[in-house]
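Enquirer: Just dropping this structure here.
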Amino acid sequence: MRILISNDDGFQAPGVVALYEALKDIAQVEVVAPEHNNSAKSNALTLHSPLYVHRAANGFRYVNGTPADCVHIALTGLLDYRPDLVVSGINNGANMGDDTIYSGTVGAAMEGYLFGIPSIAFSQVQRDWLHLDAAASKARQMVLQMVEKNLLGGSPWLLNVNIPNLPSDQLGRVKLCRLGRRHAAEPVITQQSPRGETMYWIGAAGAAKDDADGTDFHATAQGHIAITPLKVDLTDHDNLGYWAQTAALLSSGMGAA
Ligand code: MN
């Protein structure tokens, strides 16, 4: 088995090191990760500047680009094989609900998925790396189970996994969840620069709005490992009927031929 690992916190982040250490003896593992922190870069690709790949002393490759750049480069030119699995993380902080739209951790995994490879995004719920060893151990067990249960090799899938920061013996079961929702983000924070200009810092993510039973927020709050299968199609399938009528209405008022 061959596994490509990436992340969004950068190649030196404890989470990617822990993930590599947890997986390195069960597969041929390659790390291609951003040089710097690229959290909240989603699926961004770098189109207007060249990308360079360097190899760190520990063997990890790092790229002056985004998480999606890393996976894209790895799959389209850097590696001379096609990985059986792409894993991303372990992220420093939750990627639940609306976070998945912004997340570079999910973006790296999604890039693997878009290239037809089963892909998993792993995140720890809290941002303090506490019990990272337990999270990495669970990630290892999950990948081993996927191999044992023959979940790799079929049609591709994209799995979002959030692990509470708990010691192994307090972590609950693997629970299938839908994404919850967050409130809108906190307002931007402004500061004066030394030259008198106003600077803006993007505010913190909003608190959970929909954390009902069945959501990732709910499961992780109960100590469970939340897994959510994701898809890329953003079409609002539930409301296509309404929009068919609305499109006709718009069209009739717009003088269409
Ligand atoms: Mn991150």
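A short reminder: the numbers here are calculations on the coordinates, not readings from a lab. Only a predicted model underlies this, so the values are computations on that prediction, with no experimental measurement involved. Cβ atoms come from the backbone with ideal geometry, glycine included; neighbour counts cover every protein chain shown.
Enquirer: Which percent, to the nearest 5, of DSSP beta bridges fully inside the chain are antiparallel?
Expert: Working: 14 of 40 bridges.
Rounded to the nearest five, the antiparallel share is 35 percent.
Enquirer: Taking Cα atoms, how many degrees apart are the long axis of helix 14-23 and the longest axis of the chain, rounded to 10 and kept between 0 and 90?
Expert: That helix lies at roughly 60 degrees to the long axis.
Enquirer: What list of ³J(HN,Hα) couplings, whole Hz, do you get for segment 112-120 from phi and the Karplus terms 6.51, -1.76, 1.60, once you set θ to phi - 60° and write x for glycine and proline?
Expert: For segment 112-120, the Karplus-derived couplings read x, 4, 5, 8, x, 10, x, 9, 10 Hz, x marking Gly and Pro.
Enquirer: For segment 71-141, what relative contact order do you get, as a whole percent, if you take Cα pairs closer than 8 Å and at least 6 residues apart? Let's see the in-between values first.
Expert: Values: 86 pairs, mean separation 27.0, N = 71.
Result for segment 71-141 is 38 percent.
Enquirer: Continuing with this model, one more query. Residue 193 to residue 54: extension gain in nm, 0.36 nm per residue of separation minus the Cα-Cα distance?
Expert: Numbers: separation 139, 0.36 × 139 = 50.04 nm, distance 3.44 nm.
Computed gain between residue 193 and residue 54 is 46.6 nm.
Enquirer: Something else now. Taking all pairs of distinct Cα atoms, average 1/r, flip it, and tell me the Kirkwood hydrodynamic radius of the chain in Å to one decimal place. Show your work: numbers first, answer last.
Expert: Numbers: mean 1/r = 0.0515 Å⁻¹.
Computed over Cα pairs of the chain, the Kirkwood hydrodynamic radius comes out at 19.4 Å.
Enquirer: Between residue 25 and residue 183, what is the label-point separation in nm under the 7 Å Cα-to-beta-carbon projection?
Expert: According to this spin-label approximation, the distance is 4.7 nm.
Enquirer: On to the next question. How much of the DSSP bridge set in segment 157-257 is antiparallel, in percent, rounded to the nearest 5?
Expert: 75
Enquirer: Let me ask you something else. Give the angle, between 0 and 90 degrees and rounded to the nearest 10, that separates the Cα long axis of helix 132-148 from the longest principal axis of the Cα atoms of the chain.
Expert: Approximately 90 degrees, to the nearest ten.
Enquirer: Can you tell me the length gained on complete extension of the stretch residue 248 to residue 137, counting 0.36 nm per residue apart and subtracting the Cα distance?
Expert: Numbers: separation 111, 0.36 × 111 = 39.96 nm, distance 5.43 nm.
Here the segment from residue 248 to residue 137 would lengthen by 34.5 nm.
Enquirer: Could you line up 61, 82 from fewest to most neighbouring Cβ atoms inside 10 Å? Before the final figure, lay out each step's value.
Expert: Numbers: 61 19, 82 11.
Starting with the residue having the fewest Cβ neighbours, the order is 82, 61.
Enquirer: Return the calculated 222 nm mean residue ellipticity for the chain, to the nearest 500 deg cm²/dmol, obtained by summing -39500 (n - 2.57) across DSSP H runs with n ≥ 4 and dividing by the residue count.
Expert: Values: 7 runs with 69 residues, N = 257.
Taken over the chain, the calculation gives -8000 deg cm²/dmol.
Enquirer: Continuing with the same structure: Ranked from highest to lowest mean number of other Cβ atoms within 10 Å per residue, what is the order of the peptides 184-197, 28-41?
Expert: On the way: 184-197: 8.9, 28-41: 20.6.
Top to bottom by mean Cβ count within 10 Å: 28-41, 184-197.
Enquirer: If you don't mind, there's one more thing I want to ask. For segment 110-257, take N as its residue count and report Rg(C-alpha) divided by 2.2 N^0.38 Å. Can you show the working numbers first?
Expert: Working: Rg = 21.3 Å, N = 148, 2.2 N^0.38 = 14.7 Å.
Against the compact-globule rule of thumb, the ratio is 1.45.
Enquirer: Given 0.36 nm per residue, what is the gain on full extension from residue 144 to residue 234 after removing their alpha carbon distance, in nm?
Expert: Details: separation 90, 0.36 × 90 = 32.40 nm, distance 3.12 nm.
Additional length available on full extension: 29.3 nm.
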